[in-house]
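Here's the structure we're looking at; comments come further down.
No value in this document is a laboratory result; all are computed from the given coordinates. Note that the structure is predicted; figures quoted are calculated from it, not measured. A quick note on method: Cβ atoms are made from the backbone with ideal geometry, for glycine too, and the neighbour counts reach across all protein chains shown.
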Amino acid sequence: MKPKEISIIVALSDNRAIGRGNKMPWHIAEDMKFFKKTTMGGTVIMGRKTWESLGCKALPHRQNIVVSRSLQLEPVSDDLQVTVARTLEEAVEAATADSIFVIGGGEIYRQAISLATRIYMTKVHTYISDADTFFPELDSDLWMEVLWSEIQRDAESGLEFEFVLLKKLSD
């Protein structure tokens, strides 16, 4: 059996902010499209607060796993694609898709960095001074940018952003 490939997907500001009041501090349509296209058909792993920020609704056409020690889910139908795992390691074991994406929040990202081999990053070129959740610092000796897009501008918000793929360097 081949080992599971674990990726992180994140949108973060120049000061590494990823959240404010359990919401993303921006809405960029192209980032949402990129997220959907990248994670479709895979397994998404998230923490309880990220699950709540999604309105406690599963992302369609993906296996959804919520990492929580206390969350109890009441299935609303037989096809609800949501599993609760007590730890990140348990969530990875429960993943059925070849592609596993850790989608947040801050604490789950911190735990996943050592397990991940890729990071799909949307760099949003802004500074969020009142953010309360941040993406952890990356060790530049372990991660290398291998692909990046041109800087784009979101028509609605005016924010500039770019897509970057980082790969973990081999030991």
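Here are a few things to note about the model shown:
- Ranking ILE113, GLY41, GLY19 by Cα position along the charge dipole of the chain, where only Lys, Arg, Asp and Glu carry charges on their C-beta atoms, puts GLY41 farthest toward the positive end.
- Beta bridge orientation in the chain: antiparallel %, DSSP, nearest 5: 45
- Label-point separation in nm, ASN22 to TYR127, each point 7 Å along Cα→Cβ: 3.0
- Distance between modelled label sites at SER114 and GLU150, nm, 7 Å Cα→Cβ extension: 4.2
- Amide hydrogen proximity for ALA85: with H placed 1.01 Å from N in the peptide plane, the residues at 5 or more positions away or on another chain lying under 5 Å are VAL66, VAL67, SER68.
- Check: the range 5-168 dipole with +1 on Lys, Arg Cβ and -1 on Asp, Glu Cβ, in debye: 200
- Rg/Rh ratio calculated on Cα atoms of the chain (Kirkwood radius): 0.95
- Given their separation in residues at 0.36 nm each and the Cα-Cα distance between them, ARG69 and THR87 gain 5.7 nm when the chain is fully extended.
- Cβ crowding within 10 Å averaged over residues, with 12-20, 158-166 ranked highest first: 12-20, 158-166
- Potential lengthening of the chain between GLU137 and SER157 amounts to 4.6 nm, from the contour at 0.36 nm per residue minus the alpha-carbon distance.
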